[in-house]
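Trainee: Let me begin by handing over the structure; questions about it come next.
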Amino acid sequence: MTKLALPLSIVVLGIVVAVLHGYALNNFLYWHFPWLDIVMHFLGGLLASLFGLWFAERCNLITNARPKAILLFDVILFVFIISLLWESFEFMFKLVLHDPVEYIIDTIIDFLMGIMGAVFGFYLIYISGLFKKSSSHE
């Protein structure tokens, strides 16, 4: 895969996520279809992981000596930080549930779905071989 192909896929996924999110907000779809929030957090984690991996690759932060398990941890940590920022944004603008117990459960699910998206993104890039350097990252 060329160096341009991954950024194009990131841009396309970013546009899809942004359009879906805007449409869902404008049409109150998150309230009509509560599962949509779960899907969007998964896609957000996927998007963040793809961008993070692409950026790390472009900045030569990924070396052949770095074990995949450590890289996966880095990706999960990166997505967790992005998720924390997003959840803080939702909280600051009062886009959260009013019941404290439901809010905590929703936030935990949001974090877990973001992390699942991150792991899926990592799998797409490094396990399936969609984005490899000249030598492997074993």
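Trainee: Multiply the residue separation of LEU61 and VAL101 by 0.36 nm, subtract the distance between their alpha-carbon atoms, and state the gained length in nm to one decimal.
Mentor: Computed gain between LEU61 and VAL101 is 10.4 nm.
Trainee: Now, a different point. Could you work out [θ]222 nm for the chain from helices alone, using -39500 (n - 2.57) per DSSP H run of at least four and dividing by all its residues? Round to the nearest 500 deg cm²/dmol.
Mentor: About -24500 deg cm²/dmol.
Trainee: Here is a further query. Taking only the alpha-carbon atoms of the chain, what semi-axes of the equivalent ellipsoid follow from 5 times the gyration tensor eigenvalues under a square root, in whole Å, largest first?
Mentor: Equivalent ellipsoid semi-axes, largest first: 30, 16, 11 Å.
Trainee: Quick one: check the C-alpha center-to-center distance for the range 97-114 versus the range 49-90, whole angstrom.
Mentor: Measuring centre to centre over Cα atoms gives 23 Å.
Trainee: First measure r as the distance between the Cβ atoms of TRP35 and ILE81, then evaluate 1/(1 + (r/R0)^6) with R0 = 25 Å and state the FRET efficiency to the nearest 0.05.
Mentor: According to the calculation, E is roughly 0.50.
Trainee: If R₀ is 30 angstrom, what is the calculated FRET efficiency for the pair PHE73 and VAL19, using the beta carbon separation as r and rounding to 0.05?
Mentor: The formula returns an efficiency of 0.40 here.
Trainee: Taking the Cα atoms only, what angle lies between the long axis of helix 100-122 and the longest principal axis of the chain, rounded to 10 degrees?
Mentor: So the inclination is approximately 20 degrees.
Trainee: Can I ask one more? Pop the C-beta distance of LEU8 and PHE28 into the FRET formula with R0 = 35 Å and round what comes out to the nearest 0.05.
Mentor: That gives a FRET efficiency of 0.65.
Since every read-out is calculated from the coordinates, none of them should be taken as a lab result. All of these numbers come straight from a predicted model, not from anything done at the bench. Glycine also receives a Cβ, built like all others from the backbone with ideal geometry; neighbour counts cover every protein chain displayed.
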